[in-house]
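Peer 1: Here it is: the structure, laid out below.
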Amino acid sequence: MFSYRGWWVTAATFPGPGEANNWCRAQGFGPDNCFAKLVSTTAGPERLTLSRK
């Protein structure tokens, strides 16, 4: 669940976090505005986000 106001989430399928972040770069999104985040009902909370900083 996202509890921050003003956030938009776009869901897409990628083979891995690197490919998701490459898509962000190709679309011209900055590292604070687009990054890889795994959405899962079975994975624990650790290491689900790969930032681009």
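Please treat every number below as a calculation from the coordinates, not as lab data. These figures come from a predicted structure and were not determined experimentally. Every residue, glycine as well, gets a Cβ built from its backbone with ideal geometry; the counts of neighbours run over all protein chains shown.
Peer 1: For the range 33-53, give me each residue that is exposed (fewer than 10 other Cβ atoms within 10 Å of the Cβ) and either in contact with a Lys or Arg (Cβ under 6 Å, 6 or more places away or on another chain) or free of Cβ contacts under 8 Å to residues at least 12 places away in the same chain (or both).
Peer 2: First pass over the range 33-53, keeping only residues exposed (fewer than 10 other Cβ atoms within 10 Å of the Cβ): 39-42, 44-47, 53.
Within the range 33-53, Ser40, Thr41, Thr42, Gly44, Pro45, Glu46, Arg47 qualify.
Peer 1: Please go through the range 1-32 and give me each residue that is in a loop (DSSP other than H, G, I, E, B), hydrophobic (A, V, I, L, M, F, W, C), in contact (Cβ under 8 Å) with a residue 12 or more places away in the chain and surrounded by 10 or more Cβ atoms within 10 Å (Cβ to Cβ), ordered by number.
Peer 2: Within the range 1-32, just Phe14 meets the criteria.
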